[in-house]
Structures are given as C-alpha cells and as structure tokens.
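Notes follow once the structure below has been shown.
No value in this document is a laboratory result; all are computed from the given coordinates. If you're wondering where the values come from, they're calculated on a predicted model, not measured in any experiment. Every residue, glycine among them, receives a Cβ derived from its backbone with ideal geometry; neighbour counts consider all protein chains shown.
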C-alpha cells in the first residue's frame with residue numbers, strides 16, 4: 001500500500017543520495033510493500049567437549065535424534081570441542097545421545113546432555129570416555145612435591161591436573177604443582193600470591209583457573225588469583241566483596257563464576273557474588289535464603305544452580321534446606337528439602353540429570369551418615385536411594401565414564417577410611433570396590449582423560465599426605 005505522504009520522496013532527495021539509497025524501496029515510494037519484514041528468530045548453537053576418546057577411535061554424537069556429528073581421535077588429542085550443525089531457537093529442547101565407540105569399545109557417558117535453549121549458546125555438553133578392562137583397584141599415582149590437605153585439584157584442558165594451596169599440617173600453603181598422566185610425575189609450578197586452604201578453584205572457558213577466598217591461617221580471605229597454564233604463573237584479579245572460606249564456586253553457562261555462602265570468621269554467610277572473567281570484577285548477586293557453609297553447589301542441565309545442606313551455625317545447626325539460583329534473575333528460591341539434614345557431604349550430577357547426594361554428617365544425634373538421596377529437577381523433590389556400606393564425611397565422589405559414581409575415603413566413626421564404594425544409578429545400589437592404598441580424608445579426586453580417577457593428598461589421622469593414587 002503506497003504511503004499517504006506525497007512529499008516523502010522529495011524529502012529523500014533533499015538528503016544525501018547515500019542516505020536515501022540506504023532506505024527501503026517501499027519507504028521511498030519505489031515499491032508497494034507495507035513495512036519491513038519481521039526479523040528472523042535468533043538461533044543458538046549446541047556443543048561441548050569430548051574427553052578420553054582413544055587414539056583412532058570414532059564416536060557419533062546425535063542431537064534430538066537427527067543432527068549427527070561423528071568425531072575421530074586420529075590426532076590422539078586429550079580432549080576436543082564439538083558443535084552441532086543445526087542451531088536451535090529459544091525454548092527448543094536438545095537431547096544428546098551417544099553411539100558405541102569403534103573400532104575399540106570404550107565406556108562413555110555424558111553430563112548436561114539434555115535441556116532447553118535459554119537465549120544463549122550451549123557449550124557445556126560433556127562427553128567422557130574411559131578405558132575397558134580396569135581392575136577396580138587403587139594403585140600408586142606418584143608423590144606430590146609437598147604434603148597437603150584442604151587443597152584443590154583442577155583438570156586442565158591439556159589433561160594435566162593443577163593442585164593448589166592447602167594445609168601442610170602447620171601452615172597454609174602458597175605452592176602449586178602439576179600432575180602429568182602421561183608420565184605419572186608431579187612437578188612444581190608457579191606459587192599463589194597468597195597462601196590459602198579451604199578455597200575454591202574453577203576452570204574458566206579460556207583455560208585459566210580462578211582461585212577464590214579461603215583461609216590464610218589467621219583470617220578468611222577476599223583475594224582471588226588466576227593461573228595461566230601456558231606460563232605457569234598466577235596473577236591477582238579482583239577481590240571478593242566479602243571474605244569467605246568453606247564456600248562453593250560454580251561455573252555458569254555464560255562463563256561467569258558464582259560464589260555462594262561460606263564462613264567469614266564469625267558467622268555463616270547468605271551472600272553470593274558473581275565473577276566476570278572479561279572484567280576481572282566481582283559483583284553482588286541475590287542472597288541465599290539461609291546462611292550456610294560446608295554445602296554443595298551443582299550446576300543443573302537447565303542452567304540453574306542447586307545448593308544443598310550445609311551448616312548454619314550453632315543456633316540453626318545442620319541443614320536439610322536446599323535452594324536454586326537462577327542466573328537470568330539473580331534470585332534464589334527454596335526447593336524441596338533433603339530427606340536428611342547434612343554437611344560435609346558430596347553432590348554429583350548424574351547423566352540422567354538427577355543429583356546424587358551421599359554421606360556427610362548430620363549432627364551429634366545422627367552422626368556420620370550412610371544415607372544417600374536423589375534430587376529430581378523436574379519435580380524439585382528428593383528421594384532416598386541405596387545407602388553406603390560405610391557412613392562417612394569429608395569423602396570424594398567422582399562420576400566415572402560408565403555412569404557409576406566412585407566414593408573414596410573420608411572420616412567415619414572408626415576414624416579415617418581407606419574403603420571405597422561404587423553407586424550404580426540403574427539399580428540405586430552401592431557396592432564395595434577396591435580400597436585406597438592409604439586411608440585419607442580432606443583429599444581430592446579428579447577424573448583423568450584416560451578414565452582413571454586420581455586421588456591426591458589428604459590426612460590419614462596422623463600426618464598430612466604427599467601420596468597420590470589412581471583408580472581404574
């Protein structure tokens with residue numbers, strides 16, 4: 001339909017010819033259109049990373065049953081990234097499925113493999129492949145250059161493991177070291193600027209590692225540092241707004257890091273903060289509904305963060321309450337409570353999207369816990385699942401490539417533990433597996449690209465440990 005303003009073409013000519021040419025033909029009277037076409041709907045990519053595929057092996061990944069992507073490890077890479085060809089509009093569901101590996105069979109599983117597009121690219125589909133034929137036992141994994149507990153361990157993109165900080169038995173440590181799975185050797189790398197333990201360490205999308213907070217031996221810390229694997233050097237980044245240790249840190253899908261709760265030296269905290277790697281600055285976000293430390297934080301496939309349990313101080317004690325953080329709004333909301341109050345427990349995202357919580361401590365009356373629970377994000381409720389054979393806290397829990405969860409060590413009524421157990425999500429049952437070579441708690445456990453689990457450091461009831469072990 002022609003425009004009613006008959007002088008509009010003349011006004012176009014009065015302007016510069018370039019400006020007029022940029023207008024649509026319909027607007028300048030040269031066409032019969034009735035306005036501009038609607039903008040095309042935004043679309044978003046879906047992808048992630050594949051770790052542990054054996055040399056010359058092939059696997060096919062499929063999204064939503066039709067978009068197929070075949071990956072081959074002819075270059076013997078530790079890990080590789082992938083992106084499906086088809087982009088999806090906002091609100092569209094995605095669902096990852098895996099083929100068998102060929103020509104050599106490998107156990108493979110995935111996390112964050114199902115969800116819904118939420119106005120952002122999806123880059124955190126994790127596919128993990130292991131090796132067949134393990135003996136289900138722990139063997140020596142080399143010796144750390146420094147004995148430590150309450151440290152962190154982070155798998156780097158090149159397959160090495162960065163261990164940072166910790167407690168020596170007499171003081172907080174600034175030292176850091178690297179484990180190379182290809183040699184089984186630990187080597188010293190650059191030291192932290194500030195000694196610390198009970199801190200967090202988060203792998204950022206660009207491959208650097210963010211360490212935040214912790215305890216110096218005299219006070220909770222606000223300081224944060226970045227490790228660059230290409231140089232082996234730590235640099236100071238923006239400080240937290242609130243000093244804290246015993247907190248949790250979670251990498252969000254948009255690359256920011258959420259820190260929640262913790263202890264400031266006086267009281268458990270409700271505050272939470274967001275770190276932006278692009279600016280190196282922390283900003284305050286919504287506060288937890290309940291102050292807590294010694295809790296867990298798990299990124300769910302829908303992009304929200306699940307906080308479970310913890311300790312809230314003498315008056316409130318051990319917590320059954322749980323909360324969800326929505327990065328889109330910055331708001332925490334209560335979700336279903338745990339069946340059993342607990343702190344010092346573990347939380348593991350399973351391939352089916354549910355969260356397994358195991359063990360912990362429930363207070364003087366409940367003591368060390370053997371119970372385990374499953375959280376279903378679809379219903380927001382927790383249900384009991386099979387119990388551990390041995391009650392424990394301060395243990396580790398590691399998702400294995402075959403989808404089972406390995407729990408190792410910890411502290412129980414009889415003291416420090418060497419026992420380990422496997423949880424099968426299909427049956428909901430725990431089974432005893434090979435024991436650690438050395439009993440320990442306050443240690444770390446890291447899944448390596450070759451499918452083995454690396455346990456490092458800890459305390460055995462007598463001494464802080466420099467030893468490491470491998471489970472396969």
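A few notes on this one:
- Geometric descriptor of the range 43-129, per residue, is 75 Å³ (volume of the convex hull of the Cα atoms).
- Placing one equal scatterer on every Cα of the range 183-279 and applying the Debye formula, the log10 ratio I(q)/I(0) at q = 0.10, 0.17, 0.21 Å⁻¹ is -0.26, -0.73, -1.04.
- In plain terms, the chain from residue 183 to residue 42 could stretch by 46.1 nm, reckoned as 0.36 nm per residue minus the Cα-Cα distance.
- Each part reduced to its alpha carbon centroid, the range 100-117 and the range 245-295 end up 31 Å apart.
- Based on C-alpha pairs under 8 angstrom that are at least 6 apart in sequence, the chain has a relative contact order of 12 percent.
- One chain, two ends: residue 378 and residue 413. Fully extended at 0.36 nm per residue, the span grows by 9.0 nm beyond their Cα-Cα distance.
- Protection proxy ranking, peptides 69-82, 369-382, average beta carbon neighbours within 10 Å, highest first: 369-382, 69-82
- Between residue 316 and residue 102, the simple label model (points 7 Å from Cα in the Cβ direction) yields a spacing of 5.5 nm.
- The alpha carbon convex hull volume per residue for the range 336-426 rounds to 83 Å³.
- Relative contact order of the range 247-403, defined on C-alpha pairs under 8 angstrom at six or more residues apart (%): 14
- Between residue 68 and residue 429, the FRET efficiency from the beta-carbon distance, with R0 = 30 Å, is close to 0.30.
- Extension gain for the segment residue 235 to residue 76, taken as residue separation times 0.36 nm less the Cα-Cα distance, is 54.1 nm to one decimal.
- Whole-Å distance, taken between Cα centres, linking the range 373-425 and the range 322-348: 18
- Scattering curve values for the range 97-198, log₁₀ I(q)/I(0), Debye with Cα scatterers, q = 0.15 Å⁻¹: -0.86
- Across the range 43-129, Cα pairs under 8 Å and at least six residues apart give a relative contact order of 41 percent.
- Counting only DSSP beta bridges with both residues in the range 43-129, the antiparallel share comes to about 85 percent.
- Taking every DSSP bridge with both residues inside the chain, close to 95 percent are antiparallel.
- Taking a ≥ b ≥ c as the square roots of the eigenvalues of the alpha-carbon gyration tensor, the range 114-261 is classed oblate because a/c is 1.5 or more while a/b is no larger than b/c.
- Range of Cα positions in the chain per principal axis (Å), largest first: 93, 57, 46
- Projected-area average for the range 397-472 over all orientations - Cα convex hull basis, square nanometres: 5.0
- As a calculated quantity, the FRET efficiency between residue 206 and residue 92 at R0 = 30 Å, using C-beta atoms, amounts to about 0.60.
- On the basis of the beta-carbon distance and an R0 of 41 Å, residue 331 and residue 143 show a calculated FRET efficiency of 0.30.
- Each helix, a run of at least 4 DSSP H residues, gives -39500 (n - 2.57); summed and divided by the residues of the chain, these come to -500 deg cm²/dmol at 222 nm.
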